[in-house]
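Data block below; observations after.
Quick note: the coordinates plus some simple rules give every number you see, no bench work behind them. Bear in mind the structure is a predicted one, so any value in this text is a computation, not a measurement. Every residue, glycine as well, gets a Cβ built from its backbone with ideal geometry; the counts of neighbours run over all protein chains shown.
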Amino acid sequence: MSNDECRIANVEGGENASMKETHREFDLEDRLVDYASAIIELTEALPNTRAGNHVAGQLLRSGTSPAPNYGEAQAAESRRDFMHKMGICLKELRESRIWLRIIRRRAMLKELIVEPNMRETEELIRIFKSSIATAKRNDSKP
């Protein structure tokens, strides 16, 4: 069972969700909490200018949002509810990627600080896209 299928099985309370697979759930949640923490640290390092404060506020909102939204997805009432909440996480991650690109383009921080956050954002986007695609495939099964 893949991570994506595991997530869906856990949402549905499926009997195929083993302890090991349930543990993977918490790995992604922990990863999202770590990501939020890294985003907070990055926003604190932005320059105290009008533009820096604006970008910091926007990135702070979008970058810390996926962790609690993922928690909501884990309590989804149906597969469709799960997909919707996972979609919100994906949208927030995509928004964060754009803010990070703006920071990079304007050279508001050193690349050494931006790059690891950008890389993690890209990886999380891939995880959420894959999970949503699997949920959609499974939703179309009779």
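Tabulated data for the structure shown
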read-out: Rough spin-label spacing in nm, given labels placed 7 Å along Cα→Cβ, for residue 137 and residue 122; value: 2.4 nm
read-out: Extended-chain gain in nm, criterion 0.36 nm per residue less alpha-carbon gap, residue 33 and residue 48; value: 2.9 nm
